[in-house]
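Okay, so here's the structure we're looking at.
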Amino acid sequence: MPLPTEPIGSIPRPASLLNGLQEHAAGRITDEALGGLYDAAVRDTIAQLESLGSPVVTDGEQSKPSFATYPLAGLPNLSPEGAVIPFADGHTRQLPLLNARPFRYATFSASYLQTARKYATAPVKQAVIAASAVSLVYPAEGISEYPREQFLDDLVDNAEADIRGALDGGADSVQLDFTEGRLSLKLDPSGALLDSFVALNNRVLDRFTPTQRQRIGVHTCPGGDQDSTHSLDVDYAQLLPKLFGIHAGQFYVQLASEPDPDRVLQVIADNLPAEARIFVGVIDPIDPAVETTAQVRERVLNAARHLPVERLGTCDDCGFSPFGDDVSTSRETAFAKIRARLEGTAAASAVLGV
């Protein structure tokens, strides 16, 4: 079989959906009409991925408000004054803040999966947000009669339900988005925050069997959004050894946009987790230039010089449009880049004899 290759998640939304979101916000179309536009975007996204020959598909996160906040949308006990995430170009994203008990997910990923599976003939991968990212909504000063320990217990229950619902709902695999891992080292260079994130995610994953965990992966990247990142300047050598302590069966590692991929590959090789497969990023969603098949092939072959071929796969570095208002990459460019990943991975597989 050729090397496995998978998308990470978000695909830029079609113009019809972007226009519909503006019309809905202005009160000119109904919830039902917007729902129809979401449905059509998911159908088209999956059809395009399958027409390219993608062995695994996603819904492109067409109806998620963002990859990070979908479980929180609509919760009544949130305020907007949460953690601010600064990006290198000066723009920011802000998380909401929990202001009262209890904590519950308002939306679970299985609802997105159900829509995707209506249209997909290929296996469907479902992305979920890691519990560690959601933990940032709890205020530093605490909440009266709702200690942090109780919040974390409730968070772990809900994060488990989010993953389990996707697995039970027919997802081929589940991907935990862990972009806050690299960012944590910028916020706390001691690594203590990262250690707490890894421990929290393992509290969730340890509720699954070893067989189930083989279907669960973790994605790391420097937080691409609007053609900028929040933590590309953080040394991967500080993150990856601890990242590989997460009890998952697959790891999706942003690599194409790294200034020294050979150094990163050596760090991966030196810390390769037992049995887990490493999907290396061979497509840079931020770079406006579409990679060639030859470029991707060489990136894959270079990775194979460092890592066992039987433990290797390929992916995009990050999603192409992680927040619903990110239009920095066109839909056409995203699919062209995905085509290059598929063709370049196939070409490398032929060279490697797999």
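Computed values, structure above
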{"read-out": "Residue-averaged [θ]222 nm for the chain, counting only DSSP H segments that reach four residues, each worth -39500 (n - 2.57)", "value": "-13000 deg cm²/dmol"}
{"read-out": "Cysteines (scope the chain) whose Cβ has no counterpart Cys Cβ under 4.7 Å", "value": "CYS315"}
{"read-out": "Rounded Å value of the spacing that divides the Cα centres of the stretch 241-267 and the stretch 156-228", "value": "14"}
{"read-out": "The chain: antiparallel DSSP beta bridges as a percent of all, rounded to 5", "value": "25"}
{"read-out": "Karplus (6.51, -1.76, 1.60) ³J(HN,Hα), θ = phi - 60°, over the stretch 131-139, in Hz, Gly and Pro reported as x", "value": "4, 4, 5, 5, 4, 5, 7, 7, x"}
{"read-out": "Listed peptides 110-122, 307-319, 173-185 by packing density, highest first (mean Cβ within 10 Å)", "value": "173-185, 307-319, 110-122"}
{"read-out": "Cα-based equivalent ellipsoid, the stretch 1-62: semi-axes from gyration tensor eigenvalues, Å", "value": "29, 9, 8"}
{"read-out": "Choice from ARG148, ARG28, ARG297 with maximal GNM fluctuation in the chain (Cα, 10 Å cutoff)", "value": "ARG28"}
{"read-out": "Nearest-0.05 FRET efficiency for VAL354 and ASP227, computed from C-beta distance (R0 41 Å)", "value": "0.75"}
{"read-out": "Cα-Cα P(r), the chain, percent of pairs per 20 Å interval", "value": "31, 61, 8, 0"}
{"read-out": "GLY313 long-range amide H proximity, modeled H, under 5 Å", "value": "ILE278, PHE279, VAL280"}
{"read-out": "Integer Hz, Karplus 6.51/-1.76/1.60 couplings in order for the stretch 33-50, x for Gly and Pro", "value": "5, 5, x, x, 5, 4, 4, 5, 5, 4, 4, 5, 4, 5, 4, 5, 4, 5"}
{"read-out": "Long-range amide H partners of GLY82 with built H, under 5 Å", "value": "LEU95, LEU97"}
{"read-out": "Expected-Rg normalisation [2.2 N^0.38 Å, Cα atoms] applied to the stretch 233-350", "value": "1.06"}
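Laboratory data are not the source of any read-out in this text; all were calculated from the coordinates shown. Nothing here was measured: the structure is a model prediction, and the numbers come from that model. A quick note on method: Cβ atoms are made from the backbone with ideal geometry, for glycine too, and the neighbour counts reach across all protein chains shown.
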